[in-house]
Amino acid sequence: MAKIAISGMGIVSSIGMNVEENFNSLVQKRHGISRLEHIESKLNNSIFVGEIKLSNKELEAQLGLDQAHNFSRTAMLGAIAAQQALKSAELTTEGDQLLGFVNSTSVGGMDMTERFFYEFLISDEYQRFIELQNTGVNSKNISDFLGICGISTTISTACSSAANAIILGARLIDSGRLERVLVGGTDALCKFTINGFNTLMILSDDLNAPFDNNRKGLNLGEGAAYLVLESEKSLQNRGKQAIAYLSGYANTNDAFHQTASSEAGDGAYLAMQKALKKAELTPTQIDYVNVHGTATPNNDLSEGRALIRIFGDCVPDFSSTKAFTGHTLAAAASIEAVFSILALQNQVIFPNLNFREKMIEFDLVPVTATQDAKLYHVLSNSFGFGGNCSSLIFSKHGE
Amino acid sequence: MEELKIELKNKLITALNLEGMTADDINDSDPLFGDGLGLDSIDALELIVMMDRDYGIKIIDPKDGKTIFLSIETMAAYIEEHRNK
Amino acid sequence: MKGKCYINGIGCVSPQKTHDGSFLEEVIDFRNASVYEVSKPDYQKYISPVSVRRMSSAVKNSIVASSMALDEAGVDDLDAIITGTGFGCIQDSEKFLKGLIDHDEDFLTPTPFIQSTHNTVAGQIALLRKCRAYNFTYVNGANSFPSALLDALLQITSMEANTILIGGVDEMAPHTRALFQTLGQFKKNDTEFDYLDNKTEGCTSSEGSAFFVLSNEHMEETYAEVVDVFFLNNLVSQDVKTFTIEFLTRNNLSPNEVDCVLLGKNGDLTFDVVYDDFSSLFPSSNQLVFKHLFGEMLTAPAIALWLSCKIFKTQSIPKSLALDVPRSSVNYILIYNQYRNSDHSLMLLKNV
């Protein structure tokens, strides 16, 4: 495939409200995991989360929304990150029908629905939030806010969502349907997902420890991140340079279980294999893997086995950054795409926090300190419910 | 104990939505998972909630479910011993 | 290399009897109904009792519709499964949320949570077929299905994929329906109205699943060629006429070459006028409507695509769909749909 240029990015997460803050937290090993504060839940004192410590009111103010807005928290986080991405690409949206938007979310407007579910029927005060149950409305709020007038859509494939938004964006550029496209994902914490993951008994009551032998599960997080993908032609016309390239991608299905990954990581293996093929790269050319690494017993074992199947004895340097941000579900893949690009730009590998002891099943040890490295190609994995597996390969500008 | 076993069978059928089955279709020693009744890990999580809600038994590690939920017999025995509801 | 995209198999579960091979020979009358219920197929024929026990209607209907489409096309090996859904698995979402609120976060069970994710349908089809291929789900209001179709069209015409299963699916749940009635988006219960001469606001919610096997190979079973699909959230800088003419021009077609336009009119006084603007471009085409028979769901464009396939195959237009005297041969069909003057989509199909 023709490499797809990346010309901008934006991010909000529990370790920072922009690209720079996120980068600083990563290299200085400052995680964003804490107790849950903005939501009243019975689980407040039993779980940890990657929460953005800004209230909805503060987010509204940051975006300059008026009183009558119907943004969910998910959409507000998305709008902030998406606005940054466009700004960093130095793009304006007005009248640009060849600039599109591929959003992704799993939570959508659930944070509002769960607050007013019964109240909606008796009081009209919050009824404007009802239509957020139509998930597309959340994306529409973001695209209207930014004035995007090209093709716009939303993907929801659980924890791989944003990777798939990036894949569709690449396809829209590749086919010539769009010249520029904002791609990524957003999810806010809400009671629905917190309790949902709790019923699956995969939430840790401690800081999540990816690839550690005694890992106890994941911490949920919230955040949003977007990339601007752009055709080479459009970049040239604007006299801009790419910050990095998307050189390969693939999506597959594990077809094993609705929530669990297969023993040997079949879907993950296929996703990595196909992404490498698409990028026309051999496994040895991958310098760093930003693994999915949710820190659940099942994921890390399955992903580790898939890594060994692809890379054999030469598994590249790898780390999970979920110990910093928590698992941000639909946003995870775009947040980690930003981290992968930051790694390429700064030639640095971010540490896998909280790792103490390698898993008994194999010999894989993640990078645990901020480490300088020569990086040309970075692989980023994202796997989700419904067996959904995605792998993306980012390459350094000029490679 | 016999009463508990029948109660469990009926609860299983309702909780897991085993349409068209009756308590008579499940033998006390039939394996509930795998080749027996064909239940899976999601059902195990459902049963963990049922144990807590109906019998006040908290199962912290889902792996423990494997031995407790082997059959109606093992489940009933475990409940008899640990119940506080 | 640029290939063509053919529809080689179709399957549909809807409020009408679309699952039994017939084509609206017999029509179920939903006049003044407050909800369009699905005409149920024999689920047991398609799904084993062990699998069926956790499935909501969206999943069940989709398993049936997708099996029908795959059987017709005679394919097993898929390069992708792509679905679109407006509300997703709203029944299980509602069930889990009610449990959470009613019992104050206690004794929640995982099944409705697992089944509530938007990609449940596509994931379940993959799981049942052991299909490890590309698996996407679009959730973008009334443009969810057109998004799925665009993704598939790009993959098929670029020869990245040979055979793709796509589908549009929606279900409704009681509380959510009540909320949208409160909002005025759905008609209140017991509203009396005439769909084709409506004087009331809102639409009537419906459910259903329509699936299609797309391929770059023309076969004896082929129903139609998907020529193009396009959609926008809003028509800000242009009106519906410009939007449509630009689309046709890109496809080297003039309005008088379009034999039928299939309109997504849903009986909402306020928003159906948008279709009148669109229709005025096509004075010589047959004007068809379908939502009086099928109700409104966000993935209704999938139902419209199914109807178009049937029209091509039978080269006949059921009287119940036509606003004027139906013609006897159909070469091009253009489907136009929007929801509350938002999520505008065009799908262009050609007889082969």
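The values are calculated or read from the model by the stated rules, or taken from the named source; none is laboratory data. The shown structure was predicted, so the numbers you read here are calculated from the model rather than taken from an experiment. Cβ placement follows ideal geometry from the backbone for every residue including glycine, while neighbour counts extend to all protein chains displayed. Remember, those area values only see protein heavy atoms, side chains included, never the ligands or the DNA or RNA. Shrake-Rupley method; radii C 1.70, N 1.55, O 1.52, S 1.80 Å.
The single condition among (1) surrounded by fewer than 24 Cβ atoms within 10 Å (Cβ to Cβ); (2) over 24 Å from C:V38 (Cβ atoms); (3) without any contact (Cβ under 8 Å) to a residue 24 or more places away in the chain that C:P110 does not meet is (1). Please enumerate the residues belonging to segment C:195-208 that are within 24 Å of the chain's Cα centre (by Cα), open to solvent by 80 Å² or more (accessible area, probe 1.4 Å) and touching a residue at least 60 places away in the same chain (Cβ under 8 Å). C:L196, C:E201, listed by residue number.
Rundown of residues vs (1) surrounded by 20 or more Cβ atoms within 10 Å (Cβ to Cβ); (2) of a type in the set (V, I, T); (3) facing another protein chain (nearest Cβ under 9 Å); (4) under 30 Å from A:I194 (Cβ atoms), yes/no style:
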{"position": "C:I63", "(1), (2), (3), (4)": "yes, yes, no, no"}
{"position": "C:D71", "(1), (2), (3), (4)": "no, no, no, no"}
{"position": "C:D76", "(1), (2), (3), (4)": "no, no, no, no"}
{"position": "C:F87", "(1), (2), (3), (4)": "yes, no, yes, yes"}
{"position": "C:I90", "(1), (2), (3), (4)": "yes, yes, yes, yes"}
{"position": "C:E105", "(1), (2), (3), (4)": "no, no, yes, yes"}
{"position": "C:Q115", "(1), (2), (3), (4)": "yes, no, yes, yes"}
{"position": "C:H118", "(1), (2), (3), (4)": "yes, no, yes, yes"}
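For B:I6, the stated conditions hold: it is more than 20 Å from C:T111 (Cβ to Cβ) and either touching a helix residue (DSSP H, G or I) at 6+ places or on another chain (Cβ under 7 Å) or assigned to a helix (DSSP H, G or I) (or both). As a summary of the residue check, A:L146 satisfies the conditions (1) farther than 23 Å from A:H38 by Cα; (2) touching a residue at least 12 places away in the same chain (Cβ under 8 Å); (3) within 8 Å of chain C (Cβ to nearest Cβ); (4) open to solvent by 10 Å² or more (accessible area, probe 1.4 Å) except for the one numbered (3).
Looking at (1) without any contact (Cβ under 8 Å) to a residue 60 or more places away in the chain; (2) in contact with a strand residue (DSSP E or B) (Cβ under 9 Å, 6 or more places away or on another chain), find the lone condition where C:P283 falls short. Going through the list (1) without any contact (Cβ under 8 Å) to a residue 60 or more places away in the chain; (2) in contact with a strand residue (DSSP E or B) (Cβ under 9 Å, 6 or more places away or on another chain), C:P283 breaks only (2).
Cβ-Cβ contacts under 6 Å between residues 6 or more apart (or on different chains), taken from a first residue in segment B:35-56 that is of a type in the set (A, V, I, L, M) to a second residue that is open to solvent by 20 Å² or more (accessible area, probe 1.4 Å) and part of a loop (DSSP other than H, G, I, E, B), are listed as B:V49/C:F107; B:V49/C:T109.
For segment B:59-76, the condition holds for at least one residue, the condition being that it is at pLDDT below 90, open to solvent by less than 80 Å² (accessible area, probe 1.4 Å), under 11 Å from the mean Cα position of the chain (by Cα) and not charged (D, E, K, R). Applying the criterion of being outside any loop (DSSP other than H, G, I, E, B), in contact with a strand residue (DSSP E or B) (Cβ under 8 Å, 6 or more places away or on another chain) and more than 7 Å from chain C (Cβ to nearest Cβ) to the residues of segment A:102-137, the residue that is nearest to A:T294 (Cα to Cα) is A:S104. Across segment A:340-354, not a single residue is classified as of a type outside the set (A, V, I, L, M), open to solvent by 50 Å² or more (accessible area, probe 1.4 Å) and free of Cβ contacts under 8 Å to residues at least 40 places away in the same chain.
Look at (1) open to solvent by less than 10 Å² (accessible area, probe 1.4 Å); (2) under 29 Å from C:I82 (Cα atoms); (3) in a helix (DSSP H, G or I) and you find that A:R309 fails only one, number (1).
Results for (1) touching a Phe, Trp or Tyr at 6+ places or on another chain (Cβ under 6 Å); (2) of a type in the set (A, V, I, L, M); (3) assigned to a strand (DSSP E or B); (4) within 14 Å of another protein chain (Cβ to nearest Cβ), shown as yes or no for each residue.
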position	(1), (2), (3), (4)
A:Q236	no, no, no, no
A:K240	no, no, no, no
A:S247	no, no, yes, no
A:A250	no, yes, yes, yes
A:F256	no, no, no, yes
A:Y269	no, no, no, yes
A:T294	no, no, no, no
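When segment C:92-103 is limited to residues that are in contact (Cβ under 8 Å) with a residue 12 or more places away in the chain and more than 7 Å from chain A (Cβ to nearest Cβ), the one that is nearest to C:H175 (Cα to Cα) turns out to be C:E94. Of the residues in segment B:29-51, not one is part of a helix (DSSP H, G or I) and farther than 21 Å from A:I202 by Cα.
Looking at C:S328, is it outside any helix (DSSP H, G or I), open to solvent by 40 Å² or more (accessible area, probe 1.4 Å) and in contact with a helix residue (DSSP H, G or I) (Cβ under 9 Å, 6 or more places away or on another chain)? Here the answer is no, as C:S328 does not meet what is asked.
Do you know which residues across segment A:240-259 are modelled with pLDDT of 95 or more and of a type in the set (G, A, S)? A:A242, A:A244, A:S247, A:G248, A:A250, listed by residue number. In summary, helices (runs of 4 or more DSSP H) completely within segment C:211-301 and bearing 3 or more residues that are open to solvent by 10 Å² or more (accessible area, probe 1.4 Å) occur at C:240-250, C:273-279. Restricted to segment A:196-217, and to residues there that are within 14 Å of chain C (Cβ to nearest Cβ), hydrophobic (A, V, I, L, M, F, W, C) and in contact with a Ser or Thr (Cβ under 7 Å, 6 or more places away or on another chain), the residue that is nearest to A:T328 (Cα to Cα) is A:I202. Go through segment A:149-166 and count every residue that is part of a helix (DSSP H, G or I), within 8 Å of chain C (Cβ to nearest Cβ) and within 23 Å of A:A244 (Cβ to Cβ). Within segment A:149-166, residues that are part of a helix (DSSP H, G or I), within 8 Å of chain C (Cβ to nearest Cβ) and within 23 Å of A:A244 (Cβ to Cβ) number 1.
The condition (being open to solvent by less than 10 Å² (accessible area, probe 1.4 Å), in the same structural domain as A:L207 (by TED's automatic domain parsing) and farther than 20 Å from A:G185 by Cβ) is satisfied by just one residue among A:S262, A:S234: A:S234. Of the conditions (1) hydrophobic (A, V, I, L, M, F, W, C); (2) within 26 Å of A:N214 (Cα to Cα); (3) open to solvent by 10 Å² or more (accessible area, probe 1.4 Å), A:A373 clears all except one; give me its number. Here A:A373 meets the rest and fails (2).
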